[in-house]
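As structure tokens, the structure follows; a few thoughts come after it.
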Amino acid sequence: MPWIAFIVHFFAAAIMTNGIPPFVNGVCGRPFRTPFARGPGAGESSAELNVVWGWANFVIAFLLFANVGPLYIGTPIDTIFIAAGALVAGLILSRIFARGRL
């Protein structure tokens, strides 16, 4: 598999991870930050918008996983790139979201 597929799978995992917080908060009926809030990154969006924003992230991640190289979860290198993408995005998001709670 070409190296570009591994890089795309890394970013697909990061995008998928980015969709989890707004989707979960939206499904729970809680407002949460999205890029569409007044003062991007500062305000909170409605629960409905959060569900749509999280779902859009999942769709983009799925399209990247499905259309750029085959996805081989069982192979070590692809699994490492996907796990690293989710970890890096999770760490970045934890810092971003923690800043807003202080």
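The values are calculated or read from the model by the stated rules, or taken from the named source; none is laboratory data. None of these values were measured; they are calculated from a predicted model. Here the Cβ is made from the backbone with ideal geometry for all residues, glycine too, and neighbour counts use every protein chain on show.
Annotations for the structure displayed:
- Being closer than 17 Å to PHE97 by Cα and more than 11 Å from the chain's Cα centre (by Cα) is a condition met by no residue of segment 51-63.
- The lone criterion from (1) closer than 24 Å to PHE10 by Cα; (2) modelled with pLDDT of 90 or more left unmet by GLU48 is number (1).
- Looking only at residues of segment 8-66 that are assigned to a loop (DSSP other than H, G, I, E, B) and among the charged types (D, E, K, R), we find that the one that is surrounded by the fewest Cβ atoms within 10 Å (Cβ to Cβ) is ARG38.
- Qualifying residue in segment 75-85 (condition: among the charged types (D, E, K, R) and either without any contact (Cβ under 8 Å) to a residue 12 or more places away in the chain or in contact with an Asp or Glu (Cβ under 9 Å, 6 or more places away or on another chain) (or both)): no
- Test result for ALA98, part of a helix (DSSP H, G or I) and under 23 Å from PRO2 (Cβ atoms): no
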